[in-house]
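Okay, so here's the structure we're looking at.
The values are calculated or read from the model by the stated rules, or taken from the named source; none is laboratory data. Keep in mind that this is a model prediction, so the values were computed, not measured. All Cβ positions, glycine included, derive from the backbone under ideal geometry; neighbour counts span all protein chains shown.
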Amino acid sequence: MVAHDNIHIPNESFPNWIWYTIEAVIVIVISFAVSFKVAESFDVSPEIGNWILTGTFGACFLIWYVIIRGLVLKKKILQNRY
């Protein structure tokens with residue numbers, strides 16, 4: 001078998017910002033679903049419910065981007081750079 005030099009490598013041709021956009025959309029959808037379920041479980045007035053919804057959404061978003069992505073996924077053992 002002969003190796004071909006015209007192999008398509010997606011990492012070199014696919015824009016890098018699209019992966020960040022896909023990740024952000026997934027985080028927003030999951031955060032909204034979690035915050036909706038949490039806010040729905042409280043029996044409070046709509047004004048307080050909005051605060052609970054917004055606070056839970058922000059907490060989920062910050063937990064992903066600050067704690068999980070910022071601290072856990074930035075470990076040296078997870079990096080595959082040469």
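Listing for the model above:
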read-out: Residue within segment 18-31 that is in a helix (DSSP H, G or I), of a type outside the set (A, V, I, L, M), at pLDDT 90 or above and in contact with a helix residue (DSSP H, G or I) (Cβ under 8 Å, 6 or more places away or on another chain) present; value: yes
read-out: Counted residues, segment 58-82 - those being assigned to a helix (DSSP H, G or I) and modelled with pLDDT under 70; value: 3
